[in-house]
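To start, the structure itself, in structure tokens.
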Amino acid sequence: MLHNQGNLQFSSVLTLPIASPTDLAAADLNRDGYPDLVAVQGSGNLVYVVLNDGAGGFLSPVQYSTGDWPEAIAIVDMDADGQLDLVVGNYTSKTVGIYKGLGNGGFADPVVYDAGTKPLFLRVAQLNQDTAPDVVVVDRDNDSFSVLLNRGDGTLGRRCCLPDKLES
């Protein structure tokens, strides 16, 4: 990581002790006004939460177990409680895990949902007429994607598949 010094110059490299991350996201997880980092590590079946120390550095990473081979991460308030949650797509186990945010930068154990496909990419967006964020997973192997609609309380309903094969 390089810190921008504001004059088109960057500080020396800050390296975080996370080997081979497959995806990365940033948000203020503990509401201190500083962006924190979250990374997934496929080969280790882990998600790392790295809180910003507010002085240009980061605290030691905290690890959470995931399904097999996590490939994708999103940070969003899934249940409208004001706390940011983690959404992790696990490629080999074909699942999506929702880690409920505790507000202090920590997370509860995940609630796991069948993704039906191998979620290589994951996006969260409001897709229907409610205000709850829904989850879309993309399966590179099958050229398809699935939607998991949020029930409005942060839990996901059964997945619905969109075309088995996407034609160009």
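The values are calculated or read from the model by the stated rules, or taken from the named source; none is laboratory data. As the structure is a prediction and not an experimental result, all values here were calculated from the model. A quick note on method: Cβ atoms are made from the backbone with ideal geometry, for glycine too, and the neighbour counts reach across all protein chains shown. All accessible areas refer to the heavy atoms of the entire protein, side chains included, with ligands and DNA or RNA removed. Shrake-Rupley method; radii C 1.70, N 1.55, O 1.52, S 1.80 Å.
Looking at this structure, is Gln63 over 21 Å from the mean Cα position of the chain (by Cα), open to solvent by 30 Å² or more (accessible area, probe 1.4 Å) and not hydrophobic (A, V, I, L, M, F, W, C)? So Gln63 fails the test. Quick one: in the range 22-36, which of the residues that are assigned to a strand (DSSP E or B) and open to solvent by less than 30 Å² (accessible area, probe 1.4 Å) is farthest from Gly89 (Cα to Cα)? Among residues in the range 22-36 that are assigned to a strand (DSSP E or B) and open to solvent by less than 30 Å² (accessible area, probe 1.4 Å), the one farthest from Gly89 (Cα to Cα) is Asp36.
Of all residues in the range 78-99, those that are on the phi > 0 side of the Ramachandran plot have Cβ atoms under 7 Å from Cβ atoms of residues that are surrounded by 24 or more Cβ atoms within 10 Å (Cβ to Cβ) and in a loop (DSSP other than H, G, I, E, B), 6 or more apart or on another chain, in Lys94/Ala115.
Residue selection: Ala72 satisfies the criterion of being open to solvent by less than 20 Å² (accessible area, probe 1.4 Å) and in contact (Cβ under 8 Å) with a residue 60 or more places away in the chain.
When you scan the range 90-115, how many residues do you find that are open to solvent by 30 Å² or more (accessible area, probe 1.4 Å) and part of a loop (DSSP other than H, G, I, E, B)?
Count: 10.
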